[in-house]
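Only the coordinates and a few stated rules stand behind these numbers; no lab work does. Predicted model, so just to flag it, every value in this text is computed and none were measured. Virtual Cβ from ideal backbone geometry, glycine too; neighbours counted across all protein chains shown.
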């Protein structure tokens, strides 16, 4: 039986040395088909062997839809993803990736930008810089704060030559004040920051008087997705298999069931096709589907969209 | 089979229509952008050469749910116009992710019927259903507006080449 396809299939086409313990991976479609589009500053999840999922910013120009380029710094004391990529992934290997997410808002009325990056945090601004230069909006400065030789030097050289990059070597001089780099709020200026949490804290402090719409922060570990403020956690009790499954606020019943290995057929995931219809026995479902009649709802629900109004819902599974 | 009934006389009425192929698209794998093609090769009983749902290839988002009647999919260009008119949503022909975009063809009336797509003969098996997957890919809220007009799934009875500009005709 064919397993569901949940990721974009890519193969590692090239691996380059990015200096400072960094490898640059170029991922392409096996047939060199164009890849799903992405915004400047977007990131993707890499689904690695062993079930590890790690998020990396895309470094290439969004106009270049033939490849995804990610730069990975080997973190020996990290959670294992970067070590696996450095030590076990080779050219020709297959890696499933997510659709690209996120990216910077670069509205037309913002004519100048200042970006602050710490070390490997420069990666999202590489795709932003490429995009801004290509569309004829070259008024930006990228401040890279790093200790010693900057990372990804070969990708930074063009920005250095064009005068867009300022490298602040903290081995040679004191770390610059973030407030001095971003300046005072101006209506036509946009800001961005990516780096370690301490730097982001300083950046947040320095930009507290700026309108939020003009400030973008990219964290190494993405914050959790916002959930519906009215959503609440509950427990699914499966009457036949005697299982109790917690459902987090905002999580779908379907994802909770799939997460514990219960194979529920699903297709549209919007409450109309009926593939995931399940009978319920006790509780108070909130249905949200578009097709079940009141009579049918008294007995069944669709796990792709239904929720529970009470703490416990019993399903006939 | 009756196409529809005249409500006063209850006599059968056959729809009179002739349509045209406006766009052709394929993609080799799930999630990848659809690519515009000048022509497609349809293979009877299997699917479209190099498309993700060709039987034996099985690289589509729904390939884990095999379906003999999903060898080629069609979409009405009139639906794209309606999305703009009624919902102010711009959806391009490569974004709806069906293979063939037609004009002047009443797709929702054709389930169970045979019709000619250029030189190929198709049998309509069921209406397509919108899915959240397409919202994930396009980033556009199109699930609701596409309910009941999300295209048509077909089996290929007689294969051949389909080109942009080909006529679409009822085989009745």
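State, to one decimal in nm, how far the label point of residue B:167 lies from the label point of residue A:64, with both points 7 Å from Cα in the Cβ direction. About 4.9 nm, to one decimal.
Taken along the Cα-to-beta-carbon direction at a fixed 7 Å, the label points for residue A:231 and residue A:263 span 2.7 nm. Exposure proxy ranking for A:68, A:234, based on other Cβ atoms within 10 angstrom of each Cβ and starting from the fewest, stands as A:234, A:68. Give the Debye-formula value of log10 I(q)/I(0) at each listed q (0.13, 0.23 Å⁻¹), with one equal scatterer per alpha carbon of the stretch A:8-97, two decimals each. At q = 0.13, 0.23 Å⁻¹ the computed log10 ratios are -0.38, -1.24. As a calculated quantity, the FRET efficiency between residue B:144 and residue A:137 at R0 = 41 Å, using C-beta atoms, amounts to about 0.70.
What is chain A by shape, rounded, prolate or oblate, if you read a ≥ b ≥ c off the alpha carbon gyration tensor as root eigenvalues and call it rounded for a/c under 1.5, prolate for a/b larger than b/c, and oblate otherwise? Since a/c reaches 1.5 and a/b is larger than b/c, the shape of chain A is classed as prolate. Taking a spot 7 Å from the Cα of residue B:119 along the direction of its beta carbon, which residues of the stretch B:151-171 have an amide N less than 11 Å from it? Residues B:159-163 fall inside that zone.
Computed over every Cα-Cα pair of the stretch A:34-86 and binned at 5 Å starting from 0, the pair-distance distribution P(r) comes out as 4, 20, 27, 21, 15, 10, 3, 0 percent. Beta bridges assigned by DSSP with both partners in the stretch A:160-310 are antiparallel in approximately 70 percent of cases. The radius of gyration of the Cα set in chain B, together with its Dmax, comes out at 15.7, 50 angstrom. So if R0 is 51 Å, what FRET efficiency would residue A:101 and residue B:13 give, r being the distance between their Cβ atoms, rounded to the nearest 0.05? Using R0 = 51 Å, I get an efficiency of 0.50.
Between residue A:87 and residue A:198, the C-beta separation translates, for a Förster distance of 25 Å, into a calculated FRET efficiency of about 0.30.
Full extension of the chain between residue A:166 and residue A:248 gives 25.1 nm of extra length, using 0.36 nm per residue less the Cα-Cα distance.
Of the beta bridges DSSP finds with both residues in the protein assembly as shown, what % are antiparallel, to the nearest 5? Walk me through the intermediate numbers first.
Working: 70 of 98 bridges.
Here the share of antiparallel DSSP bridges comes out near 70 percent.
A crude spin-label estimate for the pair residue A:290 and residue A:173, with each label 7 Å from Cα along the Cβ direction, gives 5.9 nm. Cβ crowding within 10 Å, taken as a proxy for footprinting-reagent exposure, orders B:115, B:75 from fewest neighbours to most as B:115, B:75.
Over the residues of the protein assembly as shown, the helix contribution to mean residue ellipticity at 222 nm works out to -4000 deg cm²/dmol, using -39500 (n - 2.57) for each DSSP H run of at least 4.
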